[in-house]
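The values are calculated or read from the model by the stated rules, or taken from the named source; none is laboratory data. It should be emphasised that the depicted structure is a prediction, and the values quoted were computed from it without experimental measurement. All Cβ positions, even for glycine, are placed from backbone atoms using ideal geometry, and neighbour counts span all protein chains on display.
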Amino acid sequence: MEVIVAKTAGFCFGVERAVNQVYDQIKNENGPIYTLGPIIHNEEVVRDLEEKGVKVLNSENEILTLTEGTVIIRSHGVGKHIYDMLKAQGVQIVDATCPFVKKIHRIVQEQNLQGRRVIIIGDETHPEVEGIKGWGDARTMVVKNEEQMEKLPSFTGEKLCIVSQTTFNYNKFKDLVEKFEKKGYDILVLNTICNATQERQVEAERIASQVDAMIVIGGKNSSNTRKLYEICQKECKDTYYIQTLDDLNPESVNSVRSVGITAGASTPKKIIEEVHTNVRIKF
Ligand code: SF4
């Protein structure tokens, strides 16, 4: 049987880098070790880290209780005031903010200094967007759709800078930018969308169109895995959504000639390899 594993399956560059940084800190015994929020939306990884002594801080109040140790900032990044809080507590900071997100923080700060009001196109409740907003000033605003955009005040006479949440859909970003442009504002548009998600989707779609069965691995609550599953199912009706190898029904793939495998952004390599090895050996 031919088995094709997507090159882009699993962690993107930024998440892999952040997770590795946590394991590096454990190796260096820089304890006590904390992460600001779960380092990744994968229960197995978070549990493994907990077993190794890594604690998750879930609120700013918890930062105020720290007196020592190392705090790791995850790939989503955080606002400037969080760095200030951590410094004031005297803890060591390990900044695992994805460099693509860090770049947006710099843009927001610089553009503010140059007098532009920053508009972030994204979801205000997403931690990455909260972090980006935290590098702006009181004028910084977030919009995610036309409805929200129409409720914004007039910016006539102001200079604007538009950036995007890294995982925002490009077409929706383009549509909103066009609407801003139609209003005749002086706008600097910086497309800060990261291609990791799109590349994973394009590759999954291509593989699904070539194989008899497709396996998509990822957490049931992972929206990017669900999206991958939907894309693959359009191309290959025998597409299976599994969290781990245990969910794979052997009968589903034992009579096909080719199988494709992809995985969501929070799926560790170990699980992908386990599924790959088992599909190859057993079927
Ligand atoms: S910006 Fe891209 S590479 Fe960085 S964490 Fe987000 S999706 Fe991953």
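Give the residue that is nearest to the ligand (Cβ to nearest atom), with candidates limited to residues of segment 173-187 that are touching a residue at least 40 places away in the same chain (Cβ under 8 Å) and under 24 Å from Ser223 (Cβ atoms). Checked segment 173-187; the qualifying residue nearest to the ligand (Cβ to nearest atom) is Phe173.
Specify the residue that is surrounded by the fewest Cβ atoms within 10 Å (Cβ to Cβ); the eligible residues are those in segment 178-213 that are hydroxyl-bearing (Ser, Thr, Tyr) and within 23 Å of the chain's Cα centre (by Cα). It would help to see each step written out before you state the result.
At the first step, the residues of segment 178-213 found to be hydroxyl-bearing (Ser, Thr, Tyr) are 185, 192, 197, 209.
In the following step, the residues that additionally are within 23 Å of the chain's Cα centre (by Cα) were identified as 192, 197.
Details: Thr192: 22, Thr197: 20.
Top of the filtered list is Thr197.
Looking for something in contact with a strand residue (DSSP E or B) (Cβ under 7 Å, 6 or more places away or on another chain) and over 30 Å from Thr239 (Cα atoms) - is there at least one such residue anywhere in segment 16-23? Looking for residues that are in contact with a strand residue (DSSP E or B) (Cβ under 7 Å, 6 or more places away or on another chain) and over 30 Å from Thr239 (Cα atoms), one finds at least one in segment 16-23, hence yes.
All conditions in (1) in contact with an Asp or Glu (Cβ under 8 Å, 6 or more places away or on another chain); (2) assigned to a loop (DSSP other than H, G, I, E, B) hold for Thr192, with the sole exception of (1). When segment 40-94 is examined, which residues are found to be of a type in the set (S, T, N, Q) and assigned to a loop (DSSP other than H, G, I, E, B)? Residues satisfying the conditions are Asn42, Asn58, Ser59, Thr65, Thr67, Ser75. Scanning segment 232-246 for residues that are farther than 20 Å from His276 by Cβ and either surrounded by 18 or more Cβ atoms within 10 Å (Cβ to Cβ) or of a type in the set (Lys, Arg) (or both) turns up Lys234, Lys237. Yes or no: segment 114-127 includes at least one residue that is modelled with pLDDT under 95 and part of a helix (DSSP H, G or I). Within segment 114-127 (the criterion being modelled with pLDDT under 95 and part of a helix (DSSP H, G or I)), the answer is yes, since at least one residue qualifies.
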